[in-house]
Amino acid sequence: MPDVTKEQVLAELKRIAAPDGRGNIVGAGLVSEIAIQGGQVMFALNADPQHIKSMEQLQVFVQKAVSAMPGVTKAIVALTAERAPPREPGPKVSSAQNLRNGIPGVKHLIAVASGKGGVGKSTTAINLALALKSIGLKVAVLDADVYGPSMPKLFGISGRPEASDAEGKRMKPMQRFGVEVASIGFLVDEDTAMIWRGPMVMSALTQLLREVSWSDTDVMVIDMPPGTGDSQLTIAQQTPLSGAVIVSTPQDLALLDARKGINMFKKVNVPLLGIIENMSYFICDGCGKRHEIFSHGGAKAEAIKLGVPFLGEIPLDLELRQRSDSGEPIVVSQPDSPHTATYIAIAKQIWAALEGGSGLKPAPKIIFEA
Ligand code: ADP
């Protein structure tokens, strides 16, 4: 089938009415330049920030209409508002991946990040998500740790996601404990060796964000890849995050790494929701005494020094590990434990910051450059 042409797309768009009775969307000047690459069609709709809700509905409608045209393999319709101030140049991402206009129906995206691997970032991300759920919020988890996706194991979910439309272009999120989850781990075999470069990571993530039929969500928790390399910076820069949480162990070394994580988000103007100290101390099974094996308190001191909120500390706990690793996260398997109480207290602080806007800036406006 021949690829669709710009004229054909324009003709289709002229059949769609503008929201306020100003004729069709092309005539009303809502449609940007149209870029076509093969069967991929990309363009933007100029949104008045006052009417963003109705524009979001229009965006979904327009995207469906263009996707259904013969010769179209994929349509990407972005919502634009006025141009954002120039940002620091980051890793280059193609315009198709530069989707900054949020995920329809998702109120807040928050990143859970760490300066290095093995500090308990994923364990924290899942328990935090479940704690947000337990305070009555609609929650989703996006496993962005494409190098070592752990959400399938932590949620105890196996199998592949089902398609959510007849053409198989979109998929349903997986679900457990009342939380929706998507992970590259559901799509590729665990033992498939994958080498991911920055732009590939973003393109995989864009798919998980955009091509999964997420329900309405208050908070989507993104489990970031560990570290502060190019891929992480790209995600921090290209995803419309409401804020970021840094997980750190108390060791100085980890803290140095954690500082890199903080700086990365600062650099791209993502507000820091705070630091969580994980494996903070150890309560001995035998004697019940609290042992501070890693000079506990380092994260708190560091947080104060950096002016970033300190959200709480989670001890090193073997039960927490066992439950986590067997797909029964502690927040649901031991709802009355002190650790669960800590996760819930952290969740409440985060939600208050997200909704209260303390120090938070609104989600960045999208710029679309075809
Ligand atoms: P990361 O995402 O930072 O690589 P994970 O969340 O995968 O780290 O955790 C690494 C390992 O440490 C896992 O086996 C996990 O169960 C364990 N773990 C994480 N947090 C704790 C904790 N507070 N107490 C005991 N074990 C923990």
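Here are some notes:
- When GLY274 is tested against (1) outside any helix (DSSP H, G or I); (2) modelled with pLDDT under 80, just one condition goes unmet, and that condition is (2).
- Failed condition for ALA129, given (1) buried (at least 24 other Cβ atoms within 10 Å of the Cβ); (2) free of Cβ contacts under 8 Å to residues at least 12 places away in the same chain: (2)
- Residues located in region 1-17, provided they are among the hydrophobic types (A, V, I, L, M, F, W, C), surrounded by 13 or more Cβ atoms within 10 Å (Cβ to Cβ) and farther than 13 Å from VAL31 by Cα: VAL4
- Among the residues of this structure, VAL93 does not count as one that is closer than 26 Å to LYS64 by Cα and modelled with pLDDT of 90 or more.
- Scanning region 219-234 for residues that are under 16 Å from SER183 (Cα atoms) and away from the ligand (no atom under 15 Å from the Cβ) turns up just one, MET220.
- Subset of region 1-16 [hydrophobic (A, V, I, L, M, F, W, C) and within 34 Å of the chain's Cα centre (by Cα)]: VAL4, VAL9, LEU10, LEU13, ILE16
So that you can scan it fast, the table gives a plain yes or no per residue for (1) away from the ligand (no atom under 16 Å from the Cβ); (2) outside the structural domain of SER242 (by TED's automatic domain parsing); (3) modelled with pLDDT of 95 or more:
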residue: VAL139; (1), (2), (3): yes, no, yes
residue: ARG160; (1), (2), (3): yes, no, no
residue: MET174; (1), (2), (3): yes, no, yes
residue: GLU180; (1), (2), (3): yes, no, yes
residue: ILE184; (1), (2), (3): no, no, no
residue: ILE195; (1), (2), (3): yes, no, no
residue: MET200; (1), (2), (3): yes, no, no
residue: ARG210; (1), (2), (3): yes, no, no
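- Count - residues of region 223-252 that are in a helix (DSSP H, G or I) and either free of Cβ contacts under 8 Å to residues at least 40 places away in the same chain or touching a helix residue (DSSP H, G or I) at 6+ places or on another chain (Cβ under 8 Å) (or both): 9
- Of all residues in region 303-318, at least one satisfies being at pLDDT below 90, under 22 Å from PHE155 (Cα atoms) and part of a loop (DSSP other than H, G, I, E, B).
- The set of residues from region 322-359 being without any contact (Cβ under 8 Å) to a residue 24 or more places away in the chain and within 11 Å of the ligand (Cβ to nearest atom) comprises GLN322, ARG323.
The values are calculated or read from the model by the stated rules, or taken from the named source; none is laboratory data. Not measured: the values here are computed from a predicted model. Please note: Cβ atoms are built from the backbone with ideal geometry, for glycine as well, and neighbour counts cover all protein chains shown.
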